[in-house]
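Bear in mind that the values in this text are calculations on the coordinates, not laboratory data. In this text, all values refer to a predicted model and were calculated from it rather than measured experimentally. Backbone-built Cβ (ideal geometry, glycine too); neighbour counts: all protein chains shown.
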Amino acid sequence: MMPIGPLMKEHRLIEKMLQLMEKEIEKMKKFLKANPLFIDITVDFIRMYADRTHHGKEEEILFRDLAKKELSPNHTKIMEELIKEHIWARTTVGKLVDAKNQYEKGNVKVLNDIVKYLTELTEFYPKHIEKEDKHFFIPVMKYFTKEEQDKMLQEFWDFDKTLIHEKYEKVIENLQNK
Ligand SMILES: [Fe+2]
Ligand SMILES: [Fe+2]
């Protein structure tokens, strides 16, 4: 398997989450109410899975190794865009968390902001994923030998292994700080 195999598989799970988010947005618009628990689960999914696990492998392994290669101007440009887009997603999730916290404190006016940030995220990810799946992942594999690709795939598995521990260490840390 090429190292982009697991990344593309992860895109498919992110897409399933996006569908659930779209349904939730419709509910919020219909009933003019937010479900903070759903937002918590969404934020955890995006932060821990889409960002830490998935963007983590992209940035800390794939992009790191690509940066050592002589990329075409087009591939350099796309990689820079992808990094900026990851930053945008992180910032938007942060804004969503702030809005949800305010909503829980009784400020129902932020419902519009919650809908706005959730909508922005559901519109953003499909474009970002398409750029990677259709215009980046497969063509950039040519910069790596078969051996380098195998090594990268192994590094991906090793990266994933650490995350369950990281996740629950963070859960305990957050509870201790409450
Ligand atoms: Fe990405
Ligand atoms: Fe991705």
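Of the residues making up segment 26-42, those that are surrounded by fewer than 17 Cβ atoms within 10 Å (Cβ to Cβ) and touching a helix residue (DSSP H, G or I) at 6+ places or on another chain (Cβ under 8 Å) are Lys29, Leu32, Lys33, Asn35, Pro36, Asp40.
Does Asp150 satisfy being within 28 Å of Arg64 (Cβ to Cβ) and under 16 Å from the mean Cα position of the chain (by Cα)? Judged against the criteria, Asp150 is not a match. Screening Lys23 on (1) surrounded by 13 or more Cβ atoms within 10 Å (Cβ to Cβ); (2) without any contact (Cβ under 8 Å) to a residue 60 or more places away in the chain shows it passes everything except condition (1). Test Arg52 against the criterion of being closer than 18 Å to His128 by Cβ and either touching a Leu at 6+ places or on another chain (Cβ under 9 Å) or exposed (fewer than 15 other Cβ atoms within 10 Å of the Cβ) (or both), and give yes or no. Spelling it out, Arg52 is indeed closer than 18 Å to His128 by Cβ and either touching a Leu at 6+ places or on another chain (Cβ under 9 Å) or exposed (fewer than 15 other Cβ atoms within 10 Å of the Cβ) (or both).
Against the test of being more than 28 Å from Glu22 (Cα to Cα), within 12 Å of ligand 1 (Cβ to nearest atom) and in contact (Cβ under 8 Å) with a residue 60 or more places away in the chain, the options Leu71, Leu62, Leu66 yield a single qualifying residue, Leu62. The residues of segment 26-44 that are assigned to a helix (DSSP H, G or I) and either within 15 Å of ligand 1 (Cβ to nearest atom) or under 19 Å from Glu104 (Cβ atoms) (or both), listed by number, are Lys27, Met28, Phe31, Pro36, Leu37, Phe38, Ile39, Asp40, Ile41, Thr42, Val43, Asp44.
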